[in-house]
Every structure is written in C-alpha cells, then in structure tokens.
Amino acid sequence: MKKSAIIMITHGSRRHAFVEDMQKLATYLEGKLEVPVFLSHNEYTEPNWRNLLLDLTEKGYDHFVFALAFLGRGNHVAKDIMGEVGASEFYQWTKAKYKDKEINVYFTRPLADSELVKLALFYRVKNAFDTDERQEYIEDPEEIEERTMSIIRKKVKEDLGVDGEELEIISRAVYASGNFEISKQVYISPDAINSGIEALKAQLPILTDVKMVMAGVRWKKVENYLDSSGELAKKLGITRTAASIRIGLTSPKIVVIGNAPTALVETLRVQKEKLLEIPLVVASPPGFTNAVESKEELIKSGLPAIVIKGTYGGSSIAVAIINELIRVAMR
C-alpha cells in the first residue's frame, strides 16, 4: 500500500521570517489536502530536502509530491532538485530511485506562470499608482432595508455565533430567500471570502450560469455564454448551461452558479482537466437532481467556495452573496 507525502521545497534562507512565512504556507496546504506536508529547503537552512527525502523513505514513504515554492524554472529546479531524482516532467508521476530506494515522484511547476500569482503581484504593485478609481465599478442601486437586515443579523448571530463578513454573507442569503432556515445551510470555506475579495480587487471577471444571475450582479465584468452554447452542447451531449461554462472558463474567473446544477458539475470538471486556478465559486443551484451531489463535490474539492447546501438555493441568493463581496471589495 502506497504511503504519500508532500515535500514543499524553497530556495532557502538564513532569515527566520522567511522560514516562518513558508511554514505557514506548508501548514495551509496540509490543512487543505489532509496529506502530510513537510517544509524543506535547497540550501542555507534545514531541513535540506535531500536529507528529508532520505528520512521519509526510511519511514516507509514511497510516493512524493514535490511542491516547488520557486517562481521560475532555474537551475535549482531543473538541476539541483529534479535532476537529482531523475525526473524531467511536471504534473506526471515518474518512477525514480534515490539512494537505492525505489520511489514515485510528482513535481508541480514553479509559480511564475500562475494567473493568480500574476494577479497578486499586479495588485500589490498597482497600489503604488492607485488613485480613486471607484468610478470603474458599478454601484449597487438597490436601497438596503436596514431595519430588516438588522433583524436578520441579530437572529443569525444568536443562532450561529458568527460575525464580520461571514455574518453579512449569511444574512444576505436569508434576506434574498426570505427564509431563516437558509442560514443553517450556508457553507463558507476558510479562504473563500479573502480569495474572492482579492480577485475582485484585481478586477477578475465573473462567469455566471444563467442570464438571471448575470443581470443581478453589480460588477463591470460579468460574462455569460448561454446564447452561444447550443452547438457545443449538442456535440458533447451536455446541457446548454454546462456548455456555456466550458466556453467561458478558459482563464481564472469567479464562477457564480445560481440555477443550474449541471453548470456546477462542468465547473468542477473543467477545473480538474485544465488545472485552472479559480479564486471563488458561489454555488446555490436548487433542486433534487444533481444539485445536492454537485454542491457536496464542490465542498470536498477544496476550491474556495460559498455554497447553499442541500436542495435549497436560487439565483437571487447567489446574486446577493456575490454582491455583498463586491461591496466589500469596493470599500
């Protein structure tokens, strides 16, 4: 029976703050994947990945995912690390030998070609040149019934003990549905709110499953390809909403699914096929066929997600949730 581990490798630094930052990243990966993650370095500080690999093989580990925490494909990646274990390809399992031990290895690509890394760097640099650019965003024209929202916030906080943006998102879902029971069905992954807000600040587009959702989202870059999905749907034998997701999801985008479970199924399928970074999925498709199963699969996938679990849902709830995140991003 195989025994797997993730070895996260950095260039290495004698500075304690660097090691501390990298350990936080390793801990994050382990929490998301529920697979042991071991931080190591190529030089300057311990543990050195070579010694760590040898130690882990002696403990019975034989399948290793090397998470390369490097920006580019320099000599450290190609020669010092991959070359030493006899691997040359990214994203595929390879049989290798290390110190007379038979092992299986899998290397991730360095980070510079990730669209999300590019967006993160863009946003951090953009802050140096920013002026007040709020006019680029579409303001939410709806007047909030503050008295109603206050009643909802109070009850949701009493029932669930939540606060901050989590409280606001759940309260918006209740407000949109008119049903307090919805509050108990809202799932928010730990990284969903921050990931969604950062993507919105970087002006990432929002892809929707149906036009009703598209019409309600108060954002400048909202996409929907339902009108042009008929031919692909017929060719692949899938629904038009699923085909529209496949057409639109060619680069990282926030995905908002309010009506069609098959659109959520296709989102998960495309993400897995293309290893596409999706910073947030908001999913509230209602129904008794595919809805429950697809939403549970989304939760298990580890993608940043806000989900209305079970058979509950609807387009208005998805719109209310994403509009709340847009309000925060605009502030």
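The values are calculated or read from the model by the stated rules, or taken from the named source; none is laboratory data. Predicted model only: the values in this text are computed from it and were never measured. As a convention, Cβ positions derive from the backbone with ideal geometry for all residues, glycine included, and neighbour counts pool all protein chains shown. Please note that ligands, DNA and RNA were not included when accessible areas were found on the heavy atoms of the full protein model with its side chains. Shrake-Rupley method; radii C 1.70, N 1.55, O 1.52, S 1.80 Å.
Could the peptides 315-326, 41-52 be put in order, highest first, of the mean number of other beta-carbon atoms found within 10 Å of their residues?
Details: 315-326: 24.4, 41-52: 16.2.
Highest-to-lowest ranking by the protection proxy: 315-326, 41-52.
For segment 196-282, calculate the relative contact order in percent as a whole number, restricting contacts to Cα pairs under 8 Å that are 6 or more residues apart. Walk me through the numbers before you get to the answer.
On the way: 143 pairs, mean separation 27.4, N = 87.
Relative contact order for segment 196-282 comes out at 32 percent.
If you restrict to DSSP beta bridges whose two residues both lie in the chain, what percentage is antiparallel, to the nearest 5? Let's see the in-between values first.
Details: 8 of 35 bridges.
In the chain, approximately 25 percent of DSSP beta bridges are antiparallel ones.
Run the simple label-point estimate for E293 and L276 please: 7 Å along Cα→C-beta, distance reported in nm.
Those two pseudo-labels are separated by 2.2 nm.
Highest GNM mean-square fluctuation, the chain, Cα pairs closer than 10 Å: which of R240, R147, R109?
R147
Arrange the peptides 249-261, 160-172 so that the one whose residues have, on average, the most other Cβ atoms within 10 Å appears first. All intermediate terms of the calculation are to be shown ahead of the outcome.
On the way: 249-261: 23.8, 160-172: 17.7.
Answer by packing, highest mean first, reads 249-261, 160-172.
At a Förster distance of 22 Å, what's the computed FRET efficiency of K300 paired with K95, Cβ-Cβ distance as r, to 0.05?
Working: r = 29 Å, r/R0 = 1.33.
The formula returns an efficiency of 0.15 here.
Just to verify a number: FRET efficiency for D163 and S13, C-beta to C-beta distance, R0 = 35 Å, to 0.05? Intermediate values should be presented prior to the final figure.
Values: r = 37 Å, r/R0 = 1.06.
So, using R0 = 35 Å, E works out to roughly 0.40.
Can you pull the one-decimal nm distance between simple spin-label points at Y187 and L71, each 7 Å off the Cα toward Cβ?
3.7
Could you do me a favour and compute the accessible area per residue for the chain, 1.4 Å probe, result in Å²?
Working: 17180 Å² over 331 residues.
Here the per-residue accessible area is 52 Å².
Work out how much length K32 to S4 would gain on full extension: take 0.36 nm times their residue separation and subtract the Cα-Cα distance, in nm to one decimal. Before the final figure, lay out each step's value.
Values: separation 28, 0.36 × 28 = 10.08 nm, distance 1.53 nm.
Length difference between fully extended and current span is 8.6 nm.
Between the helical axis of 261-274 and the dominant principal axis of the chain, each derived from Cα atoms, what acute angle in degrees is found, rounded to the nearest 10?
20
Can you compute the FRET efficiency between K118 and E223 using 1/(1 + (r/R0)^6), with r the Cβ-Cβ distance and R0 = 22 Å? Round to the nearest 0.05. Write down the numbers at each step before the final one.
Values: r = 19 Å, r/R0 = 0.88.
Rounded to the nearest 0.05, the efficiency is 0.70.
Can you send over the carbon and sulfur percentage of the accessible area for the chain, probe radius 1.4 Å, protein chains only?
Numbers: 8910 of 17180 Å².
Summing carbon and sulfur atoms, their accessible area is 52 percent of the total for the chain.
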